[in-house]
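Have a look at the structure below before the remarks.
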Amino acid sequence: ETGVTQSPTHLIKTRGQQVTLRCSSQSGHNTVSWYQQALGQGPQFIFQYYREEENGRGNFPPRFSGLQFPNYSSELNVNALELDDSALYLCASSLGGQGASGELFFGEGSRLTVL
Amino acid sequence: AQSVSQHNHHVILSEAASLELGCNYSYGGTVNLFWYVQYPGQHLQLLLKYFSGDPLVKGIKGFEAEFIKSKFSFNLRKPSVQWSDTAEYFCAVNGGLGNNFNKFYFGSGTKLNVKP
């Protein structure tokens, strides 16, 4: 049990719709990262938030956006959904800045299916 | 471009057999190296990590990994696997400094199936 919770666990959307995924980070962690894991692939870095600011972004288009709140929880928003967005979306919390250990604590993920 | 390659997608072993899973990375600059494991129905969790120092690192459950800088490799080993080691194993790398510290690059994973 990591203390990282994600919601919803499963959802189905249609092309063109928008989706919001939520993540509560582990207590004491100030950094949240989001990863996309397509079937048969490893997690791919989407972006990271550190103290409410985006602090690094992977190779994902601007329709992938996020937020981090003062309590360090986070949202991932995806607009104009495409079929290829179907994947498991993983949230990982960690301690950034001084004292960072480099260890990510993952939630169980939100499985998104786009029809 | 940064990348991580895992050579075996699916490995089947009998209990007590020895395990070695290959991992090679491509990354310009200081790196930290990790192995994560995902047991069936569970979340990804850290198995072991290498930042610096002794290139042979030991993790949980009897796993170890050796960092060979000249080969850009970080292979995972276990002398004698158990049925409970059945899981998917992911090698990962991140940049060792600044904003790259928490930006991880993962391999595509190796599914290990240990037969009782």
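Over what distance in Å are the Cα centres of the stretch B:46-68 and the stretch A:24-98 separated?
Cα centroid to Cα centroid, the span is 27 Å.
Please identify every one of the GluC sites (Glu not before Pro) in the stretch B:1-108 that sits in a loop by DSSP and has no more than 13 other beta carbons within 10 Å of its own beta carbon. Don't jump to the answer; show the numbers that get you there.
On the way: sites: B:Glu15, B:Glu20, B:Glu64, B:Glu66, B:Glu88; in loops: B:Glu15.
Loop-located and lightly packed - B:Glu15.
With only Lys, Arg, Asp and Glu charged, each at its Cβ (+1 for the first two, -1 for the last two), find how big the charge dipole of chain B is about the Cα centre; round to the nearest 20 debye. Spell out each step's value before the answer.
On the way: 10 positive and 7 negative charges, 25 e Å.
With Lys and Arg at +1 and Asp and Glu at -1, about 120 debye.
Got a number for the accessible area of B:Asp54? Probe 1.4 Å, square angstrom, nearest 10.
Only protein atoms counted, so the area is about 100 Å².
Could you run the Karplus curve 6.51 cos²θ - 1.76 cosθ + 1.60 with θ = phi - 60° over the stretch A:104-112 and give me ³J(HN,Hα) per residue in whole Hz, x for Gly and Pro?
Once θ is set to phi - 60°, the couplings for the stretch A:104-112 become 9, 10, 9, x, 8, x, 10, 8, 9 Hz.
What percentage of all Cα-Cα pairs in chain B are separated by more than 24 Å?
Cα-Cα pairs in chain B separated by more than 24 Å: 20 percent.
For a quick check of your reading of the filter: which GluC sites (Glu not before Pro) in the stretch A:19-69 sit in a DSSP loop and have no more than 16 other Cβ atoms within 10 Å? Don't skip to the end; give the middle numbers.
Details: sites: A:Glu52, A:Glu53, A:Glu54; in loops: A:Glu52.
Sparse-neighbourhood loop GluC sites (Glu not before Pro): A:Glu52.
If the label point is 7 Å along Cα→Cβ of A:His10, which residues in the stretch A:39-82 have backbone nitrogen under 20 Å from it?
Once the point is set 7 Å along Cα→Cβ of A:His10, A:39-41 turn out to lie under 20 Å by backbone N, inside the stretch A:39-82.
Quick one: what are the phi-derived ³J(HN,Hα) couplings along the stretch A:57-64, Karplus 6.51/-1.76/1.60 with θ = phi - 60°, whole Hz, x for glycine and proline?
Karplus values, whole Hz, x for Gly and Pro: 9, x, 8, 10, x, x, 5, 8.
With r defined as the distance between the Cβ atoms of A:Asp84 and B:His7 and R0 fixed at 22 Å, what FRET efficiency is calculated, to the nearest 0.05?
Rounded to the nearest 0.05, the efficiency is 0.25.
Evaluate E = 1/(1 + (r/R0)^6) for B:Ala16 and A:Leu67, where r is the Cβ-Cβ distance and R0 equals 41 Å; express this FRET efficiency to the nearest 0.05.
About 0.25, to the nearest 0.05.
Based on a Kirkwood Rh over C-alpha pairs, give the Stokes-Einstein translational diffusion coefficient of the protein assembly as shown at 25 °C and viscosity 0.890 mPa s in µm²/s.
Value of D from the Cα-based Kirkwood radius: 136 µm²/s.
List the accessible area buried at the contact between B and A, summed over both sides and calculated with a 1.4 Å probe, in Å² to the nearest 100.
About 1700 Å² of accessible surface is lost on pairing.
The values are calculated or read from the model by the stated rules, or taken from the named source; none is laboratory data. What you see is a predicted model, and the numbers here were worked out from it, not measured in a lab. Glycine also receives a Cβ, built like all others from the backbone with ideal geometry; neighbour counts cover every protein chain displayed. Side chains are part of the model used for accessible areas, which takes the heavy atoms of the whole protein and leaves out ligands, DNA and RNA. Shrake-Rupley method; radii C 1.70, N 1.55, O 1.52, S 1.80 Å.
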